[in-house]
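The values are calculated or read from the model by the stated rules, or taken from the named source; none is laboratory data. The structure presented is a predicted model; accordingly, all values stated were derived computationally and were not measured. Note: ideal-geometry Cβ built from the backbone for every residue, glycine included; neighbour counts use all protein chains shown. Please note that ligands, DNA and RNA were not included when accessible areas were found on the heavy atoms of the full protein model with its side chains. Shrake-Rupley method; radii C 1.70, N 1.55, O 1.52, S 1.80 Å.
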Amino acid sequence: MIRNADFHFPGGRQGVVLIHGLTGTPSEMRLLGKGLNRQGFTVHGMQLAGHCGDESDLLATGWRDWYASVEAAAGAMRGQVDHLFVAGLSMGALLALLLAAEKPHWVDGVGVLGATFRYDGWNMPAIGRLSFLLPALKRLGLARGRSFMEQPPYGLRDERIRAQVSGAMLSGDSAAAGLPGNPWHSLADLHLLSRQVRRRLPRVQAPCLIAHATHDDVAHARNAELVARRVSAPVEMLWLPDSYHMITLDRERRRLIDGAAAFFSRLAAAAPAMTAPAANPGAAAVASIAPPHARAG
């Protein structure tokens, strides 16, 4: 049932691997990929294991499979470029950080886009606070057929794009817009992945661009702040006040594209200086951690 939906845009000797989110699809990274490619980058929008099929395809995989597919895509890209960057959206941001922690000699910079350690945004139901129970349910083989269904605004503030994406998602074409729900067992694996990444954040020494919507309906800004506090790397923050969770598609996508391209270009230009380990791995240079915490209107 799985369809191949990844994309590859050849460009210069600076490469970016783009990683979509849980139940998502490479299509949610395509506009970002096209924008980066127009600015000279070679871009690969990878497809996570088990995605772009039906729910049973996703449930046949777990976080280790998702990470293995990221490592494989990055490993393939390494031979094509002089500098390798990774950027992920939502759960994809966690996978990008895990790659930077596990393969520090591969990654020259990380785009942390809408990082989601917890579903704690303003549109998330109160039951989401019980997500820590999901791994136990999975171990016991319970609730395999249960899902949390996506609800409006589907991570999109732009109503026109929201209508397009929700229509594709509800049509059953998971390769175009992902699955309409999050299976409990897959969310259990996200919880386990989150634990692993939290522990490894101090091992991330590649500079990070942390982009997050201030009104994120899915993942509160504290998810971005967690990364900024714990990584052992220089950090730049990009707060997006006119977007919801899907910042690669929403109203400020062009600002995100320009910010990511400028960030990666600066790192590529300074690559020799970036190869040396930080003198004090525990001290990250953080710019503007605190966002304006206005509730979405």
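What is the set of long-range amide H partners of Ala143 at a cut-off below 5 Å, with H atoms built 1.01 Å from backbone N?
Excluding prolines and chain starts, which carry no amide H, there are no hits.
Sorted by mean Cβ packing within 10 Å, highest first, what order do the peptides 255-265, 141-151, 24-34 take?
Descending mean neighbour count gives 24-34, 255-265, 141-151.
Work out the length of the dipole vector of the stretch 27-150 about its Cα centre, built from +1 on the beta-carbon of each Lys and Arg and -1 on the beta-carbon of each Asp and Glu, and round it to the nearest 20 debye.
For this selection, approximately 220 debye.
Assign one of three labels to the stretch 118-269, namely rounded, prolate or oblate, based on the Cα gyration tensor with a ≥ b ≥ c the square roots of its eigenvalues; rounded applies when a/c is under 1.5, prolate when it is not and a/b is larger than b/c, and oblate otherwise.
oblate
Charges only on Cβ, +1 for Lys and Arg, -1 for Asp and Glu: so what's the dipole of the chain about the Cα centre, in debye to the nearest 20?
Numbers: 31 positive and 24 negative charges, 119 e Å.
Dipole of the chain, to the nearest 20 debye: 580 debye.
Report ³J(HN,Hα) in whole Hz for each residue of the stretch 9-23, in order, from the Karplus equation J = 6.51 cos²θ - 1.76 cosθ + 1.60 where θ = phi - 60°; Gly and Pro get x.
10, x, x, x, 8, 9, x, 10, 9, 9, 10, 7, x, 4, 6
Could you check how much of the accessible area of the chain is carbon and sulfur, as a whole percent, using a 1.4 Å probe?
54
Can you tell me, using C-alpha contacts under 8 Å and at least 6 residues apart, the relative contact order of the stretch 151-255 as a whole percent?
32
With θ set to phi - 60° and the Karplus curve 6.51 cos²θ - 1.76 cosθ + 1.60, what are the ³J(HN,Hα) couplings of the stretch 243-260 in order, to the nearest whole Hz, using x for Gly and Pro?
My calculation for the stretch 243-260 gives 9, 9, 5, 7, 5, 6, 10, 7, 4, 9, 4, 5, 5, 5, 4, 5, x, 5 Hz in order.
Ignoring ligands and nucleic acids, what accessible area does Trp122 show with a 1.4 Å probe (Å², nearest 10)?
About 80 Å², rounded to the nearest 10.
Long-range amide H contacts for Glu150: which residues qualify at under 5 Å (H placed 1.01 Å from N, peptide plane, sequence gap of 5 or more or a different chain)?
Excluding prolines and chain starts, which carry no amide H, the hits are Gly181, Asn182.
Cα gyration tensor of the chain, axes a ≥ b ≥ c as square roots of the eigenvalues: rounded (a/c below 1.5), prolate (a/b > b/c) or oblate?
Since a/c stays below 1.5, the shape of the chain is classed as rounded.
If the chain between Arg160 and Arg139 were fully stretched, how many nm would it gain, using 0.36 nm times the residue separation less the Cα-Cα distance?
Using 0.36 nm per residue and subtracting the Cα-Cα distance, I get 3.5 nm.
Which residues' amide hydrogens lie under 5 Å from the amide hydrogen of Val43, considering only partners 5 or more residues apart or on another chain, with H built in the peptide plane?
Residues meeting the criterion, in which the H sits 1.01 Å from N, are Phe9, Gly11, Val16.
For Arg139, Arg3, Arg254, write out the residues from largest to smallest accessible area, computed with a 1.4 angstrom probe and no ligands counted. Spell out each step's value before the answer.
Numbers: Arg139 185, Arg3 130, Arg254 155 Å².
In descending accessible area the options line up as Arg139, Arg254, Arg3.
With all protein chains present and a 1.4 Å probe, how do Met237, Met124 order by accessible area, largest first?
The most accessible residue leads, giving Met124, Met237.
Considering the options Ala176, Thr42, Gly121, tell which one lies farthest towards the positive end of the dipole of the chain, charges being +1 on Lys and Arg and -1 on Asp and Glu at the Cβ, about the Cα centre.
Farthest towards the positive end: Gly121.
Which value, in Å², gives the accessible area per residue of the stretch 1-71 when a 1.4 Å probe is used on the protein heavy atoms? All intermediate terms of the calculation are to be shown ahead of the outcome.
Numbers: 2690 Å² over 71 residues.
Result: 38 Å² per residue.
Sort His8, His105, His51 from largest to smallest accessible area, using a 1.4 Å probe on the heavy atoms of the protein chains.
Solvent-accessible surface, decreasing: His105, His8, His51.
Per residue of the stretch 79-85, what does 6.51 cos²θ - 1.76 cosθ + 1.60 with θ = phi - 60° give for ³J(HN,Hα)? Whole Hz please, x for Gly and Pro, Karplus curve as stated.
Coupling constants for the stretch 79-85: x, 9, 9, 8, 10, 10, 10 Hz.
Could you bin all the Cα-Cα distances of the stretch 77-190 into 5 Å bins starting at 0 and give me the percent of pairs in each, rounded to whole numbers?
Here the calculated profile for the stretch 77-190 is 2, 10, 15, 17, 18, 16, 12, 8, 2, 0.
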